[in-house]
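Report on one structure; see the data block that follows.
Any read-out appearing in this document is the output of simple, stated calculations on the displayed coordinates, not a laboratory observation. Note that the structure is a prediction, hence the values are computed from the model and not measured. Backbone-built Cβ (ideal geometry, glycine too); neighbour counts: all protein chains shown.
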């Protein structure tokens with residue numbers, strides 16, 4: 001029996017971290033954005049594998065998922081996931097940029113919208 005981790009749990013974790021006032025604000029925002037992205041990305045990837053019989057190269061899977069969404073004419077979903085990926089890159093690599101709560105909350109909303117839309121493709 002294969003054990004399966006539901007990546008949507010990452011979004012629940014992100015929301016819990018966002019509301020924790022005992023954490024460094026920038027560290028918290030950056031972690032929340034990353035978990036929000038991975039909740040949406042992994043949910044999308046797994047859906048495409050299970051229901052669309054797609055396979056992804058380990059090295060290119062982030063771009064490959066976007067490309068498959070493009071092939072399926074899921075432009076809005078692709079653009080939302082791409083925007084969320086950009087947010088994650090900003091959070092992970094642009095350490096001189098200060099992130100704010102609104103940017104963090106927008107990432108959570110984007111993740112929720114992607115996850116809630118995925119069954120429609």
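Could you give me D for segment 65-107, from Stokes-Einstein at 37 °C and 0.692 mPa s, where the hydrodynamic radius is the Kirkwood radius over C-alpha pairs? Units µm² s⁻¹, please.
Numbers: Rh = 11.4 Å.
In µm²/s, the coefficient is 288.
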Note to self: C-alpha centroids of segment 83-121 and segment 1-64 sit apart, in Å, by 11 Å
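Using only Cα atoms, what is the ratio of the radius of gyration of segment 9-120 to 2.2 N^0.38 Å? Write down the numbers at each step before the final one.
Details: Rg = 14.2 Å, N = 112, 2.2 N^0.38 = 13.2 Å.
For segment 9-120, the normalised Cα radius of gyration is 1.07.
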Along principal axes, largest first, the alpha-carbon spread of segment 37-94 in whole Å comes out as 35, 24, 17
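Could you grab the relative contact order for segment 9-120? Cα pairs under 8 Å, six or more apart, rounded to a whole percent. Kindly include the intermediate steps, with their values, before the conclusion.
Numbers: 103 pairs, mean separation 45.3, N = 112.
With pairs under 8 Å counted, the relative contact order is 40 percent.
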Relative to the chain, whose Cα atoms define the longest principal axis, helix 75-93 and its Cα axis are tilted in degrees, nearest 10, by 40 degrees
Summing -39500 (n - 2.57) over every DSSP H run of at least 4 residues in the chain and dividing by its residue count gives a helix-only mean residue ellipticity at 222 nm, to the nearest 500 deg cm²/dmol, of -23500 deg cm²/dmol
Output ordering of 99-109, 16-26 (per-residue mean of other Cβ within 10 Å, highest first) is 99-109, 16-26
So the angle from the long Cα axis of helix 25-52 to the longest Cα principal axis of the chain, reported in degrees to the nearest 10, equals 10 degrees
